[in-house]
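Have a look at the structure below before the remarks.
The values are calculated or read from the model by the stated rules, or taken from the named source; none is laboratory data. On a predicted model such as this, the values are computed, not experimentally measured, just so you know. All Cβ positions, glycine included, derive from the backbone under ideal geometry; neighbour counts span all protein chains shown.
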Amino acid sequence: MRRMSAFNVVSLTLGFAFLYIPMVILVVYSFNASKLVTVWAGFSTKWYGELIRNEAFLDAAWVTVKVGVLSSTFATVLGTMAAYVMVRRGSFRGRTLFSGMIYAPLVMPEVITGLSLLLLFIAIGLDRGVLTIVLAHTTFSMCYVSVVVSSRLVSFDRSLEEAALDLGCTPFQGFRLVTLPIIAPAVLAGWLLAFTLSLDDLVIASFTAGPSATTLPIKIFSSVRLGVSPEINALSTIIIGLVVSGVIVASLVSKHRIAARSAEERAAID
Amino acid sequence: MKRIFTAVPYLWLLVLFLVPFLIVMKISLSDYAISIPPYTPTLDFSGGWQAVRDFFGALDFENYVFLTEDDLYWKAYLSSLKIAIISTILTLLVGFPIAYGMARAPDEWRPALMMLVILPFWTSFLIRVYAWMGILANEGILNQFLLWLGLISEPLTIINTNIAVYIGIVYTYLPFMILPVYASLERMDPSLLEAAEDLGCSRVSAFWNVTVPLARPGVIAGCFLVFIPAVGEFVIPSLLGGSQTLMIGKVLWEEFFSNRDWPVASAVAIILLLILIIPIVLFQRQEQLAREVDQ
């Protein structure tokens, strides 16, 4: 094993300290008894209690999850279709515009995406609420899904699809029975990415949300603007906890599956 | 089937991406009015051909002229660019050693290190910015710590200054820098460095002549990935920046939500996009080159 130089050890230690200490501080201070976030006054879980009793936050959390699930599902369907077209369909009329429209939202500043969608919804007289946020989130996250899925589509063997067609599958059957199972991990990864992007989004949601629907980031932003509050620390801790445990579970599952597969392969060779 | 697969996302993007964009362009040419919606003219097809002609006749570049006349907007664009450039350089300075350390780490550590870099990306952006509000505040943890160490005798004012904005951008965008730089450093064969040293290079010149050129594609990709979103950033300047922190994302937001001047907000958006088109095109060309090299 190569030994790491002292410089590398120091830069990794400092780097990861920089990345993680702010979050650790956030979590520690969520258990602070004092209302002042900067003064430690003993351990307490009272802010979690206040949070659970705060209906505005609970409502916003529910809206956020609803928007996240709906928009990431739509985005996955649309993004997978778009990726399939980009990778498998040769030239067709309007391809340049199509690929432009898929990549542009990735680099578009959020304020512009939000503003333009809001102006559209007003122009067609659509009331702002859950529906408009779902439409907005679907639009920008489908582009991320299509990038993730197309990288998988590029790398897999096309002759499998051709074989399915030769054996009498309709194109749709071929897609459903051959292509989809092979790209499934990328589709799932795309869904997860779209879901996180939706949960995380403040700017686009602020433009497209109406008084009837407030998402959690909007709620957090409006209370944080006035200053630090221990309730928000508690909420952040819950979110960080969910993400960390989700990522750990996902990595354990994939590790387990890789191990199972290589065991199977070994068994097949023996 | 390919037709359907093309048509559905195509239509979706036309209606929800291209049309809204055209609306922004159109409103940027309209005038502010105290009405609902707060701009004029509005297109009214019931008036027939004459109404459509009047509509186009009423569009003009007045808002753009206004933007060039008012200092505020120029300063905001320039200071957004300045803040984005400085924070991109800072992110590179912080991110490069981390990526380098990761690439030199033992193989069995690397997946875990990768995971540690990606993990913050999955937690909320807003929460990561918020975390710094408590740290950088005048009576915050950083000041308490420095006072305790005796390095300073009075709390530093960091929050609500541009320094806080730089820290916020570096912190939240760091994974975007580390990952591409790591990807290009990881592919580098360490025996190249040994060869350079055998041939008489000092460590430093081996680093400059071997490592840096090989890391270049990753460094360039990382810089674009930080710079482009940083220019239009809204959350970081509004939570960590002060009243003197001028960034165009914030100006657009206030123009729209506080002043309700939609035409000016739209013009601000269009100019921001024109400014960003250059780096975006350069970035895509770079990516294309990198893909061709890979093949």
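Cβ-Cβ below 7 Å, separation at least six or inter-chain, first residue in segment A:11-33 and within 7 Å of chain B (Cβ to nearest Cβ) and among the hydrophobic types (A, V, I, L, M, F, W, C), second buried (at least 22 other Cβ atoms within 10 Å of the Cβ) and not in a helix (DSSP H, G or I): which pairs?
Taking only residues 6 or more apart or on different chains, not a single pair turns up.
Quick check on this structure: which one of A:Ser223, A:Ser212, A:Ser245, A:Ser198 is hydroxyl-bearing (Ser, Thr, Tyr) and within 11 Å of another protein chain (Cβ to nearest Cβ)?
Just one listed residue meets the conditions, A:Ser223.
I'd like to check something: does segment A:100-112 contain any residue that is within 9 Å of another protein chain (Cβ to nearest Cβ), charged (D, E, K, R) and within 28 Å of A:Leu70 (Cα to Cα)?
Yes, segment A:100-112 contains a residue that is within 9 Å of another protein chain (Cβ to nearest Cβ), charged (D, E, K, R) and within 28 Å of A:Leu70 (Cα to Cα).
For segment A:226-242, enumerate the residues that are under 19 Å from A:Val65 (Cα atoms) and either more than 8 Å from every other protein chain (Cβ to nearest Cβ) or surrounded by fewer than 15 Cβ atoms within 10 Å (Cβ to Cβ) (or both).
Listed by number, the residues that qualify are A:Ala234, A:Leu235, A:Thr237, A:Ile238, A:Gly241, A:Leu242.
Going by what's in this entry, would B:Pro120 be described as at the interface with chain A (Cβ under 10 Å from one of its Cβ atoms), assigned to a helix (DSSP H, G or I), modelled with pLDDT under 90 and under 29 Å from B:Val181 (Cβ atoms)? Outline the logic, then answer.
Values: at the interface with chain A (Cβ under 10 Å from one of its Cβ atoms): yes; assigned to a helix (DSSP H, G or I): yes; modelled with pLDDT under 90: yes; under 29 Å from B:Val181 (Cβ atoms): yes.
Criteria met by B:Pro120.
Which of the following residues is assigned to a loop (DSSP other than H, G, I, E, B), under 30 Å from A:Val203 (Cα atoms) and not acidic (Asp, Glu): A:Gly114, A:Gly190, A:Gly168, A:Gly125? Give the steps one after another, and end with the answer.
Working: A:Gly114 fails: assigned to a loop (DSSP other than H, G, I, E, B); A:Gly190 fails: assigned to a loop (DSSP other than H, G, I, E, B); A:Gly168 fails: under 30 Å from A:Val203 (Cα atoms).
Every option except A:Gly125 fails the conditions.
Identify, by number, the condition in (1) surrounded by 15 or more Cβ atoms within 10 Å (Cβ to Cβ); (2) touching an Asp or Glu at 6+ places or on another chain (Cβ under 9 Å); (3) within 9 Å of another protein chain (Cβ to nearest Cβ) that A:Leu36 doesn't meet.
(1)
Can you give me the ranges of the helices (runs of 4 or more DSSP H) entirely in segment B:155-230 with at least 3 residues that are free of Cβ contacts under 8 Å to residues at least 24 places away in the same chain and in the same structural domain as B:Ala76 (by TED's automatic domain parsing)?
The helices (runs of 4 or more DSSP H) meeting that bar are B:191-198, B:203-206.
Quick one: which residue in B:Ile178, B:Ile158, B:Ile169 is at pLDDT 95 or above and over 26 Å from A:Ile204 (Cα atoms)? Steps first, please.
Working: B:Ile158 fails: at pLDDT 95 or above; B:Ile169 fails: over 26 Å from A:Ile204 (Cα atoms).
Residue meeting the stated conditions: B:Ile178.
If I filter segment B:45-59 for residues that are touching a helix residue (DSSP H, G or I) at 6+ places or on another chain (Cβ under 6 Å) and aliphatic (A, V, I, L, M), do I get at least one hit?
If we filter segment B:45-59 for residues that are touching a helix residue (DSSP H, G or I) at 6+ places or on another chain (Cβ under 6 Å), which is where we start, we get none.
No, because not a single residue in segment B:45-59 is touching a helix residue (DSSP H, G or I) at 6+ places or on another chain (Cβ under 6 Å) and aliphatic (A, V, I, L, M).
List pairs: first in segment B:105-127 and under 19 Å from A:Phe18 (Cα atoms), second exposed (fewer than 13 other Cβ atoms within 10 Å of the Cβ), Cβ under 8 Å, 6+ apart or cross-chain?
none
Failed condition for A:Thr170, given (1) farther than 30 Å from A:Ser254 by Cα; (2) out of contact with any Leu (no Cβ under 9 Å at 6 or more places or on another chain); (3) crowded, with 23+ Cβ neighbours inside 10 Å; (4) of a type outside the set (D, E, K, R), with all others met?
The failed condition is (3).
So, restricting to helices (runs of 4 or more DSSP H) that lie completely within segment B:1-117, which ones have at least 2 residues that are among the β-branched types (Val, Ile, Thr), within 14 Å of chain A (Cβ to nearest Cβ) and closer than 30 Å to A:Ala75 by Cα?
In segment B:1-117, B:2-13, B:19-28 are the helices (runs of 4 or more DSSP H) which contain 2 or more residues that are among the β-branched types (Val, Ile, Thr), within 14 Å of chain A (Cβ to nearest Cβ) and closer than 30 Å to A:Ala75 by Cα.
Identify all residues within segment B:239-271 that are surrounded by fewer than 23 Cβ atoms within 10 Å (Cβ to Cβ), within 11 Å of chain A (Cβ to nearest Cβ) and among the aliphatic types (A, V, I, L, M); write none if there are none.
B:Leu239, B:Ile270, B:Ile271
If you check B:Ala196 against the conditions, is it within 14 Å of another protein chain (Cβ to nearest Cβ), surrounded by fewer than 21 Cβ atoms within 10 Å (Cβ to Cβ) and more than 30 Å from B:Ala269 (Cβ to Cβ)?
Numbers: within 14 Å of another protein chain (Cβ to nearest Cβ): no; surrounded by fewer than 21 Cβ atoms within 10 Å (Cβ to Cβ): yes; more than 30 Å from B:Ala269 (Cβ to Cβ): yes.
Considered against the rule, which asks whether it is within 14 Å of another protein chain (Cβ to nearest Cβ), surrounded by fewer than 21 Cβ atoms within 10 Å (Cβ to Cβ) and more than 30 Å from B:Ala269 (Cβ to Cβ), B:Ala196 comes out as no.
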